[in-house]
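Have a look at the structure below, then the notes.
The values are calculated or read from the model by the stated rules, or taken from the named source; none is laboratory data. Here the structure is a predicted model, which means the values were calculated and not measured. Don't worry about glycine lacking a Cβ; one is built from the backbone with ideal geometry, like all the others, and counts go over all protein chains shown.
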Amino acid sequence: MDSISQIVLGASIAHVVLGEKLGRRALLVGAVVGTLPDLDVLVPYADAIESFTYHRSWSHSLFMLTLFSFPLAVLCKRLMPKAELPFCRWWLALWLVLVTHPLLDGFTVYGTQIWWPLSTPPTAWGSVFIIDPAYTLPLLVGVVMAWRRQWLRARPMVIAGLLISSTYLGWTLVAQHITRQKVSATLAHSAVEANHVLIAPFPFSVLWRVVVVADDRYFEGYSSLLDGDSEISMQSYSNGKQACSEWLDHWPVQRMDWFTHGAFALSVKDDVLVLSDLRMGVEDDYVFEFAVAERQAGAWQPIVTRQMPVEIDADRMKLLLARIVDPNVDLTPLTPSHAMAEGECVQQLD
């Protein structure tokens with residue numbers, strides 16, 4: 001989730017557990033500790049895909065954060081001895097603030113490696129958009145009221161904010177399940193053999209984007225909770241994996257295959273082999289695309305991966321609002337870059 005959500009979540013938890021003794025300082029402690037896991041973005045990596053896929057790994061591990069919570073509790077107790085808080089209470093507050101950070105991130109589609117150093121794929125329940133005011137605002141209101149009032153008067157408001165935001169998270173899982181049932185019904189009437197199904201929301205979790213990953217293709221569609229029981233209209237695109245099969249053993253491609261559960265596509269743009277993360281964005285406006293090889297002197301060569309500039313079609317984004325209530329809104333791109341003819345990538349890579 002976004003940094004503001006993590007700050008107010010950490011501040012709320014710390015206020016409930018420590019606010020009686022620390023007052024406003026509990027909010028500051030929770031806000032600071034709640035952002036610590038994201039400081040891994042300051043660690044330099046060799047290339048863009050390493051940076052992308054090692055983010056939310058060791059710093060978001062439930063194992064590592066649990067271990068880190070003990071010395072952090074010792075430090076806080078020594079820095080604020082006048083609070084007269086027992087060590088166990090310091091530890092409980094800081095542990096809760098730390099571990100709820102990656103758990104909240106796990107509700108997005110990015111991918112959070114909560115079980116690091118185990119080699120299990122990243123957790124990505126994908127029921128909440130990365131920035132969702134419906135989740136953040138109840139917490140923010142509680143934190144603002146806690147800053148302005150004494151602990152005893154503000155505590156019920158902070159607890160209410162936590163309950164409302166947590167209930168919203170639960171509701172998004174229900175909404176995702178409803179959409180998943182519609183996807184299953186749609187696939188049951190088609191000949192598609194899905195390797196992976198991604199169901200990701202837009203803010204407020206009413207409109208959902210569906211991506212069905214098959215061997216050599218993927219299918220994109222949209223479903224609103226206001227659509228009723230109608231099946232989902234899906235558009236088909238080549239994922240370039242068969243045409244560009246010689247690159248599937250390339251480490252950056254293998255890494256993204258693992259990180260995205262296979263939800264990626266390969267395409268050639270201006271003599272650059274581009275790997276697109278199909279999970280975030282819409283066809284063909286993806287947030288994360290990476291250059292993994294280039295044509296140099298007539299031959300293709302691997303390169304140090306770099307992230308491609310983000311190009312978003314603002315007009316198409318506006319259509320998403322209309323799609324919430326109107327299933328006839330067409331979100332299909334006019335010239336999708338991944339709709340390659342069979343063998344096109346092989347011919348370009350020869």
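So which residues in region 161-185 are in contact (Cβ under 8 Å) with a residue 60 or more places away in the chain and touching a helix residue (DSSP H, G or I) at 6+ places or on another chain (Cβ under 6 Å)? Within region 161-185, 161, 162, 165, 172 meet the criteria.
Here region 268-292 is the region considered, the condition is being closer than 21 Å to residue 46 by Cα and within 20 Å of the chain's Cα centre (by Cα), and the residue that is surrounded by the fewest Cβ atoms within 10 Å (Cβ to Cβ) is 287. Yes or no: residue 186 over 30 Å from residue 25 (Cα atoms), modelled with pLDDT of 95 or more and outside any strand (DSSP E or B)? When the stated conditions are applied, residue 186 does not pass them. Which residue is nearest to the chain's Cα centre (by Cα), if the candidates are limited to region 3-57 and must be of a type in the set (A, V, I, L, M, F, W, C) and assigned to a loop (DSSP other than H, G, I, E, B)? Step by step, filter region 3-57, then rank; the result is 43. Taking the criterion of being among the polar types (S, T, N, Q), under 22 Å from residue 109 (Cβ atoms) and part of a loop (DSSP other than H, G, I, E, B), the residues of region 215-268 that qualify are 233, 239.
Can you find even one residue in region 133-141 that is part of a helix (DSSP H, G or I) and free of Cβ contacts under 8 Å to residues at least 24 places away in the same chain? Within region 133-141, one or more residues are part of a helix (DSSP H, G or I) and free of Cβ contacts under 8 Å to residues at least 24 places away in the same chain. Of the residues making up region 66-97, those that are closer than 20 Å to residue 23 by Cα and either of a type in the set (S, T, N, Q) or part of a helix (DSSP H, G or I) (or both) number 22. Condition check for residue 107 on (1) under 30 Å from residue 19 (Cα atoms); (2) aromatic (Phe, Trp, Tyr); (3) not in a loop (DSSP other than H, G, I, E, B): one failure, at (3). Being at pLDDT 95 or above and either aromatic (Phe, Trp, Tyr) or crowded, with 18+ Cβ neighbours inside 10 Å (or both) is a property that does not hold for residue 147.
Pairs linking a residue in region 306-330 that is over 29 Å from residue 291 (Cα atoms) to a residue that is part of a loop (DSSP other than H, G, I, E, B) and charged (D, E, K, R), with Cβ atoms under 6 Å and 6 or more positions apart or on different chains, are 327/227.
Only a single criterion out of (1) among the β-branched types (Val, Ile, Thr); (2) surrounded by fewer than 18 Cβ atoms within 10 Å (Cβ to Cβ); (3) in contact with a helix residue (DSSP H, G or I) (Cβ under 7 Å, 6 or more places away or on another chain) is not satisfied by residue 310, namely (3). Here region 277-291 is the region considered, the condition is being part of a strand (DSSP E or B) and at pLDDT 95 or above, and the residue that is nearest to residue 212 (Cα to Cα) is 277.
Rundown of residues vs (1) closer than 24 Å to residue 206 by Cβ; (2) among the hydroxyl-bearing types (Ser, Thr, Tyr); (3) over 19 Å from the mean Cα position of the chain (by Cα), yes/no style:
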position	(1), (2), (3)
226	yes, no, yes
236	no, yes, yes
247	no, no, yes
294	no, no, yes
301	no, no, yes
304	no, no, yes
313	yes, no, yes
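Checked against the criterion of being of a type outside the set (Phe, Trp, Tyr), within 21 Å of the chain's Cα centre (by Cα), farther than 30 Å from residue 231 by Cα and surrounded by 13 or more Cβ atoms within 10 Å (Cβ to Cβ), the candidates 205, 165 yield just one match: 165.
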